[in-house]
Every structure is written in structure tokens, then in C-alpha cells.
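Bear in mind these aren't lab numbers, they're just calculated from the coordinates by the rules spelled out. Note that the structure is a prediction, hence the values are computed from the model and not measured. Because the Cβ atoms are built from the backbone with ideal geometry, glycine has one as well, and the counts that use them run over all protein chains shown.
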Amino acid sequence: MAKLWSPLVENLEPYVPGEQPKVKNLIKLNTNENPYPPSPKVNEVVSEDEIAALRLYPDPDSSRLKQTIASYHGIQKDQVFVGNGSDEVLAHSFVAFFKQGSAIQFPKVSYSFYPVYANLFEIETNTKGLKKDFSVDVDAFTQPNGGVIFPNPNAPTGICLPLSDIRRLLAENTESVVIIDEAYIDFGGESAVSLIDEFKNLLVIQTLSKSRSLAGLRIGFAMGNANLIEALDRVKNSFNSYPLDRLAEVAAVASFEDETYFKSCCDSIIDTREWTVEQLLNKGFDVLPSKTNFVFAKPNHDSAKNVFNRLRSNDVLVRYFDKPGLNDYLRISIGTPKEMETFIQVLNAL
Ligand code: PMP
């Protein structure tokens, strides 16, 4: 193959997103999407007038959405940053806070985009092993560091740390920015957003992709001290002044205005998750305790790879990570009750 133009790019190992198959008949449990559609209020706001307004640039400050998120979380608008999916918010955060010339710390097993950003932005990394029970070891993060980041709940394990652990970590790490990636917080975890006034170096990142069924619109946001948000705005404005398109912004606002629908979707997913865990335990799987919309489970009767392949040939797609430490497990997103029943039936018939 022809050489790429820069040695940095030549050596990049990009993130490989989960498969988005073109065929429709699959039970798709591989990328932690929400099995339910977005709130019906989203349909109402994507009106003819909104479509006509697409000739105009969007509000570069996404003011309406920031105010909506601020009111929802009981914080100030200048404590909110929004971006094109939390992936983009994370990328800006790496540039804004982690390019300090010293290594950032994150768990060895966590969101696989972190090492990709670190390489892209030439940031050193120092990864920390999980505890024996697969939970994140907050006491392993030691000062000095160039920043700390981890998902809570963690991915792909699904395990959530209590707020008391996050507080302990923050009390020990006051000299660099600590990012808690809460992509899955709405499925039973306790958000660290309540700590942002107390810890000026804490940035909490969330997304509308999972609990609000808007993965296709790409909306993520960060919450923290106004000073952290200003830093993110500077980076964003040096990259793309319009992070959110007009439709994404109105849809996101509508979604936050439908609390009843949001709560009922999350509750259904939590109930279905608990049912799925019970079924997998009955079948002899090891299942990690999940506070997310997926479960991380180890088959004991066959290898995870075989089970993955055999499910795939029966039109059920789950996620298999071909990496040491993860390759005994399958990550199974929680679908509708009907999808999960079919999944269990297929498993039973393998
Ligand atoms: N953080 C974690 C831990 C994730 O698993 C994901 C989803 N792949 C993201 C962030 C990014 O989500 P999005 O860009 O859709 O907001």
C-alpha cells in the first residue's frame, strides 16, 4: 500500500466502530443503541418550518439546548458545552485539558476511543488495571498526572462506581482535569454532576445517543466549571463554530422536555436487562453487574468467539472484542423484551 503522508497518521490505529449491518432482519445487540424510538415530541418539532430554516446556519452557541440542559441538571448555562456526539466532546476535551506534556491515566479496560485520541493528539498514557471484580480502581490513579478519564459506568464491563468513590478520587486529584464519561449513567447510576461546583477540575460528559435514542443525530454534552467550558469553547471555535446542526438542537431540546417518555424507556431497559441477566445466569454464564443498557457476559460451555459466530449465523448480532482480557466475554446490548426473548431462544438452541 502507498505510504501515508505523515508518520503520525501512518502509525495511527483508528477506533473500529461496531458493525452497522446493511441487512434488516438481524436482531442488533452490538452497539448499545436504544431499542425504542426517540420521544414523539421529536417528530413534532422537526416541522416544515424547521426544514425551511435549514438554509440558515445554526446558533453557534446552541444557546437553547445549553439552557435546557442547565435547567434539567440544576446548573448554569455557562457550565454546559455541547458537541456532535460525546465522541466529539471527548476529542475537544483531550486537546483542551490533556495536552500537558505528562501522561494521562485511564483504566486498561475502558472506552477504546481514549487511546486513539491520545495517539492522535500525541498525549502520553499510563493505563491502570481493573480490580479483581472488574471494577475501576480509583486508588490506582496517582498524582502527578496529565489528567484522568474513565467511563462511569465503565464500558464494556457495565460496572458503575458509587459517587463516594468518585469523590475520593477527586479529593486526591486536584491538580489536573478529571473527566467522568457518563454515556450510560441513566440506566441506574448516580451522576457526578452534583460535584461540579465543589470540584473545579471535574468535567462530566453525557450523551443523547443511549438513554434518549438519538444516536443518529449525534449530540453529546459536557458539564463543569465555567472555566473548563470556556476552554472547550476556544478549542471548538478553532475547529468548527457550528457543532450542532439545527435539527439536532431542536430535537435534543424536545427530548429533554419529555421526561415521562425518557423515564419509561430507561425503566423498560433496566427491567429487560435484569430479566436477561437472570436468563444468562441460569444458562451458566458469568455476568458482571451492569448499570448500563448492555451486559458483559462470559459463556462457560463454549468460547465467546464461537458463541458470537453461532449467534451471528442465526441473525443475532452481539459484540465480541478480540483482545486479551476481553475475549472471554460478549457484550450484549439490551433490546426490547421480544428481541431479548428471541436472543435467549437462539442461545438455547445453539
Ligand atoms: N463514551 C462511551 C463510554 C461510549 O461507549 C460511547 C459510545 N460508543 C461514547 C462515549 C460515544 O457516544 P456518542 O458519541 O454517540 O455520544
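Summary table below
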item: Residue among Leu281, Leu12, Leu203 with the largest mean-square fluctuation in a Gaussian network model of the chain, springs linking Cα atoms under 10 Å; result: Leu12
item: Gyration tensor (Cα) of the chain, equivalent ellipsoid semi-axes in angstrom; result: 31, 26, 21
item: Distance in nm between pseudo-label sites at Ser6 and Lys41 (7 Å out along the Cβ direction from Cα); result: 4.3 nm
item: Packing-based exposure ordering (other Cβ within 10 Å, fewest first) of Asp181, Asp322, Asp258, Asp271; result: Asp322, Asp271, Asp258, Asp181
item: Normalised contact order of the chain, rounded percent, pairs of Cα under 8 Å and 6 or more residues apart; result: 23 percent
item: Amide H partners (placed H, <5 Å) of Asp137, local residues excluded; result: Lys131
item: Antiparallel bridge percentage (DSSP; both residues within the stretch 159-272; nearest 5); result: 55 percent
item: Under 5 Å, built H, 5+ apart or other chain: amide partners of Lys128; result: Phe106, Lys108
item: Rounded to 5, percent antiparallel among DSSP beta bridges of the stretch 55-256; result: 40 percent
item: Lys, Arg +1 and Asp, Glu -1 on Cβ, resulting dipole of the stretch 67-191 about Cα centre, debye, nearest 20; result: 160 debye
item: Of the trypsin sites (Lys or Arg not before Pro) in the stretch 75-167, those whose Cβ has at most 16 other Cβ within 10 Å and which sit in DSSP loop; result: Lys99, Lys108, Lys131, Lys132
item: Electrostatic dipole magnitude of the chain [Cβ: Lys, Arg +1; Asp, Glu -1; Cα centre; debye, to 20]; result: 840 debye
item: Phi-based couplings in Hz for the stretch 303-320 (Karplus 6.51, -1.76, 1.60; Gly and Pro marked x); result: 6, 4, 5, 5, 5, 4, 5, 6, 5, 4, 6, 9, 6, 10, 10, 10, 10, 10
item: Three-way shape call for the stretch 234-308 based on the alpha-carbon gyration tensor, with the a/c threshold at 1.5; result: oblate
item: Charge-dipole axis of the chain as Lys and Arg at +1 and Asp and Glu at -1 on Cβ define it, positive-most pick from Phe294, Asn25, Pro115; result: Asn25
item: Chain lengthening between Asp59 and Ser268 when straightened (0.36 nm per residue, less Cα-Cα); result: 71.8 nm
item: Nonlocal amide H pairs with Phe294, under 5 Å, H built at 1.01 Å; result: Ile334
item: Counting DSSP beta bridges with both ends in the chain, the antiparallel % (nearest 5); result: 55 percent
item: Euclidean distance of C-alpha centroids, the stretch 286-311 and the stretch 222-283, integer Å; result: 26 Å
item: Translational D in µm²/s for the stretch 152-256 (Stokes-Einstein at 4 °C, 1.567 mPa s, Kirkwood Rh from C-alpha pairs); result: 87 µm²/s
item: Contact order relative to length of the stretch 55-256, as percent, for alpha carbon pairs under 8 angstrom and 6 or more apart; result: 28 percent
item: Partners for Lys28 among aspartates and glutamates (Cα-Cα distance below 18 Å; same-chain residues under 8 apart left out); result: Glu19, Asp315, Glu339, Glu341
item: 19 Å reach of a label modelled at Ile51, 7 Å along Cα-to-Cβ, counting backbone N of the stretch 220-260; result: 245-252
item: J(HN,Hα) series, the stretch 210-225, from Karplus relation 6.51 cos²θ - 1.76 cosθ + 1.60, nearest Hz, glycine and proline x; result: 9, 6, 10, 6, 10, 4, x, 9, 6, 9, x, 8, 10, 10, x, 4
item: Bins of 5 Å from zero: percent of alpha-carbon pairs in the stretch 55-256; result: 1, 8, 17, 21, 22, 16, 10, 4, 1, 0, 0
